[in-house]
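The values are calculated or read from the model by the stated rules, or taken from the named source; none is laboratory data. Predicted model, so just to flag it, every value in this text is computed and none were measured. The area values use the complete protein model at the heavy-atom level, side chains included, leaving out ligands, DNA and RNA. Shrake-Rupley method; radii C 1.70, N 1.55, O 1.52, S 1.80 Å.
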Amino acid sequence: MASMQLLYDACRKWFTIGSLAVFPVTFLINAPFGRFAENTGINIVRLDGIKSWMVMEIVSPICFAYSYYTSPLGSMAGFTVQQHVLAGLFLIHYLNRAILSPLRTPSRSKTDIIVPLVGVTFNLLNGSLMGVYLSSHTARTFLSNAFSTPTFYVGVFLWAIGFAGNIVHDEILLNIRRKAKNKGKASSHSPQPSEHYAIPYGLLYEYVSFPNYFCEWVEWFGFALAASPFPTVTLATFSLQSLSTIFYASQFAPTLTPPWIFLINEFVLMFPRAYKGHLWYKQRFAEAFPRERKIVIPFLL
């Protein structure tokens with residue numbers, strides 16, 4: 001039990017620190033997939049975009065389910081309905097992300113092998129940490145009276161709004177590709193070998209370039225709000241002792257639980273890509289791109 005607690009805290013610590021360390025680097029390097037797939041200069045081994053996406057994303061729900069039901073740190077008192085509700089929300093998200101969304105995607109740019117390898121590592125850690133936390137005595141205690149607290153319902157509501165918003169805005173992008181693919185089939189000429197990109201319009205696309213990212217942040221903020229107390233972070237959290245070695249992992253932000261870590265990771269890994277994608281839109285479409293659009297948060301950012 002003690003060794004598992006040590007491993008859990010070490011993974012929680014270094015998963016957070018690793019993502020924060022990568023944050024500034026991702027402003028300088030383009031991950032070789034999507035609109036940046038052809039211009040990174042990396043391209044070691046090229047893989048099918050849809051299949052590799054499905055493989056790396058399915059890792060998260062598999063690791064989550066395994067950890068949720070088998071974790072030695074799980075509560076001896078068994079699961080509450082609230083724990084199962086949140087577990088269900090996590091799995092619903094990944095049912096769409098790993099299976100339904102790729103199957104609805106008409107095409108996706110080839111990706112370099114480094115992207116699914118990094119994705120598998122991320123999802124293995126995130127899914128496992130989330131499963132261990134949600135099955136734990138800590139989560140069970142916090143959630144035991146959740147049905148009588150408004151925070152739980154607000155969190156679930158925000159999760160649902162963010163989940164739905166993510167899907168509908170992704171669908172706008174998918175429709176652009178569907179129309180381009182159908183146009184290519186109807187034409188007597190061969191379709192373009194590269195992915196088709198156009199300026200998306202409708203709903204929050206009228207205000208930001210990446211509303212699907214914003215909606216995903218809302219979704220996981222709601223999940224974290226429902227699943228865990230808001231973390232309290234002090235300077236002692238980042239003391240040299242807590243940062244130095246694996247043996248002090250339990251002293252690193254003890255109230256920073258995996259749901260909040262996931263939200264932090266979502267922001268630090270997605271915002272740089274949104275920022276660079278926004279610049280790419282402006283460069284690609286020049287005067288045709290709406291100048292009033294922000295990057296990812298309507299009216300603000």
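Carbon-plus-sulfur accessible fraction, the chain (probe radius 1.4 Å, protein heavy atoms only): 69%. Among Ser107, Ser128, Ser60, the largest mean-square fluctuation in a Gaussian network model of the chain (Cα springs under 10 Å) belongs to Ser107. Cross-link reach is defined here as a Cα-Cα straight distance under 19 Å, omitting same-chain residues fewer than 8 places apart; for Lys110 the aspartates and glutamates meeting it are Glu38, Asp48, Glu57, Asp170, Glu195. Entry note, the chain: the mean residue ellipticity at 222 nm calculated from DSSP H runs of n ≥ 4, each adding -39500 (n - 2.57), is -20500 deg cm²/dmol after division by the residues and rounding to the nearest 500.
What is the chain by shape, rounded, prolate or oblate, if you read a ≥ b ≥ c off the alpha carbon gyration tensor as root eigenvalues and call it rounded for a/c under 1.5, prolate for a/b larger than b/c, and oblate otherwise? Write down the numbers at each step before the final one.
Details: a/c = 1.84, a/b = 1.70, b/c = 1.08.
It comes out prolate by the Cα gyration axes.
The alpha carbon gyration tensor of the stretch 112-166 gives principal lengths a ≥ b ≥ c with a/c of 1.5 or higher and a/b no greater than b/c, which makes the shape oblate. The ellipsoid equivalent to the alpha-carbon distribution of the stretch 58-207 has semi-axes of 39, 20, 10 angstrom, derived from the gyration tensor eigenvalues as √(5λ) and listed largest first.
Among complete DSSP H helices in the chain, those whose alpha-carbon atoms stretch at least 30 Å along the helix's long axis and whose mean Kyte-Doolittle hydropathy reaches -1.0 are 2-25, 49-70, 114-135, 150-186, 258-285. Each Cα pair under 8 Å and six or more residues apart adds its sequence gap; the mean of these over the residue count of the chain is a relative contact order of 24 percent.
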